[in-house]
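Chemist: Supplied in C-alpha cells, the structure appears directly below.
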Amino acid sequence: MSIDTQRTVAEIALERPQAAAVFEKLGIDYCCGGGKPLASACEAAGVSVDRVTDLLEQTAGVAKPGSEAANWSEQSLAALINHIVETHHAYCREELVRLLPLLAKVESKHGQHHSELSQVQEHFGSLGDELTMHMMKEERVLFPYIAALEESSNRKELAPRAPCGTVQNPVRMMVEEHDNAGWLLKEIRSLTRDFAAPEDACTSFKALSQGLEAFEADLHQHIHLENNLLFPRAMAMEEASQSA
C-alpha cells in the first residue's frame, strides 16, 4: 500500500505500528508533533521523504525490539490504558530510579571535563519530577474516568461525571505536560550530541548514554499512544455520549 505523504505522521504511526521505529531513527517527531503531514515532518527533520517512505514500506509488518507491535486502534480503551500503565509507566518509573543516581555518579566523575553533564542532570531531574506527578494524575484521575466512560458507553448508560467538567480539560493539561517533557528531551539530546558517549567515557558513562536514548524512545511511544490515540478516542466517546 503506497503512503500518502499528506497524511499526518501520527496517522501513519497508528496505521503502521512499526513506523514509530523508522520515525525514531530519523528524528521525526511522531508524538507531540504528530499532527504534521509526513512531507512537512520530513522537511523539518531534514530527511528525504522518498527515503522515509521506502523505509516504511520495507519495515511494514516487521516487528522491531521495543516497538509498539500491536495495533492499539483496534483494542478497547481499557486495554490500551492497562498497556500504557503496565508497560510505559512501569518502565519510566524503573528507569528514573536507575538513571537519576547513575547520572549523578557520572556527573561527579566526569563533570569537570564535560560541563554539559550538569545541565543534563538538571533537565533530567526536572523531567523525572514532572513525569512522576504526571503519571500519578493520569492513574488516579484521568484513566479511571476514561475506563468508566467506556464501560458506560458499552452498557448504553449515562456517562459518569467528568473531572473538571469535561475530559477535554485534564487532557489539555496532560498534552501540555507532554509538550514540556518533549522539550526537555530535545534539550538533553542536544546537550549530549544525540546521546553519543565521548571518547573518554567509562562504562557508567556509556551505560548512561544508552539509557537516556532508550528512555527517550520509550517516552516517545508512550506520548504517541496517549496524544494520538487514547485522548482523541476518549474525547470522541464523551461527545457521543452527551449527544445521544
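Chemist: Would you confirm whether or not segment 163-172 contains a residue that is of a type in the set (Lys, Arg), under 24 Å from Glu11 (Cβ atoms) and in a helix (DSSP H, G or I)?
Modeler: yes
Chemist: Give the residues of segment 191-205 that are assigned to a loop (DSSP other than H, G, I, E, B), touching a residue at least 24 places away in the same chain (Cβ under 8 Å) and either of a type in the set (Ser, Thr, Tyr) or closer than 19 Å to Glu122 by Cα (or both), sorted by residue number. Working first, answer last.
Modeler: At the first step, the residues of segment 191-205 found to be assigned to a loop (DSSP other than H, G, I, E, B) are 192-202.
Subsequent filtering for residues that are touching a residue at least 24 places away in the same chain (Cβ under 8 Å) retains 192, 198, 200-202.
Passing the criteria: only Thr192.
Chemist: Same structure, new question: All but one of (1) in a loop (DSSP other than H, G, I, E, B); (2) modelled with pLDDT of 85 or more; (3) open to solvent by 40 Å² or more (accessible area, probe 1.4 Å) hold for Ala63; which doesn't?
Modeler: Single failed check for Ala63: (2).
Chemist: Can you tell me which condition Asn71 does not meet? The list is (1) over 27 Å from Met173 (Cβ atoms); (2) without any contact (Cβ under 8 Å) to a residue 40 or more places away in the chain; (3) loosely packed, with under 14 Cβ neighbours inside 10 Å, and all the others hold.
Modeler: For Asn71, the exception is condition (2).
Chemist: Say whether the condition of being in contact with a Pro (Cβ under 9 Å, 6 or more places away or on another chain), open to solvent by 40 Å² or more (accessible area, probe 1.4 Å) and modelled with pLDDT of 95 or more is met by at least one residue in segment 122-137.
Modeler: Checking segment 122-137: at least one residue is in contact with a Pro (Cβ under 9 Å, 6 or more places away or on another chain), open to solvent by 40 Å² or more (accessible area, probe 1.4 Å) and modelled with pLDDT of 95 or more.
Chemist: Now for a different question. Give the residue that is farthest from Gln221 (Cα to Cα), with candidates limited to residues of segment 14-58 that are buried (at least 18 other Cβ atoms within 10 Å of the Cβ) and among the polar types (S, T, N, Q).
Modeler: In this case the residue turns out to be Thr53.
Chemist: Right, here's the next one. Right, Leu77: open to solvent by less than 30 Å² (accessible area, probe 1.4 Å), within 21 Å of the chain's Cα centre (by Cα) and in contact (Cβ under 8 Å) with a residue 40 or more places away in the chain or not?
Modeler: In short, yes.
Chemist: Take the residues of segment 167-188 that are of a type in the set (Val, Ile, Thr) and more than 14 Å from Arg233 (Cα to Cα): which is least open to solvent (accessible area, probe 1.4 Å)?
Modeler: Applying the filter and picking the extreme gives Ile188.
Chemist: Please work out which residue is surrounded by the fewest Cβ atoms within 10 Å (Cβ to Cβ), limiting yourself to segment 103-116 and to residues that are assigned to a helix (DSSP H, G or I) and touching a Phe, Trp or Tyr at 6+ places or on another chain (Cβ under 9 Å).
Modeler: Checking each candidate, the answer is Lys109.
Chemist: When only residues in segment 206-244 that are free of Cβ contacts under 8 Å to residues at least 40 places away in the same chain and not hydroxyl-bearing (Ser, Thr, Tyr) count, which is least open to solvent (accessible area, probe 1.4 Å)?
Modeler: Ranking the qualifying residues of segment 206-244, first place goes to Glu216.
Chemist: Further, regarding this structure: Note down all Cβ pairs under 6 Å where the first residue falls in segment 149-164 and is hydrophobic (A, V, I, L, M, F, W, C), the second is at pLDDT below 90 and not in a helix (DSSP H, G or I), and they're at least six residues apart or on different chains.
Modeler: Leu149/Ala159
Chemist: Looking only at residues in segment 138-154 that are of a type in the set (D, E, K, R) and under 18 Å from the mean Cα position of the chain (by Cα), which one is most open to solvent (accessible area, probe 1.4 Å)? So that I can check it myself, show each step before the final result.
Modeler: Quick first cut of segment 138-154, residues of a type in the set (D, E, K, R) only: 138-140, 150-151.
In the following step, the residues that additionally are under 18 Å from the mean Cα position of the chain (by Cα) were identified as 138-139.
Working: Glu138: 0, Glu139: 61 Å².
Residue satisfying both the conditions and the ranking: Glu139.
The values are calculated or read from the model by the stated rules, or taken from the named source; none is laboratory data. Model, not experiment: these values are computed from the prediction. With ideal geometry, Cβ positions are generated from the backbone for all residues, glycine too; neighbour counts draw on all protein chains shown. With ligands, DNA and RNA removed, areas are computed over all heavy atoms of the protein, side chains included. Shrake-Rupley method; radii C 1.70, N 1.55, O 1.52, S 1.80 Å.
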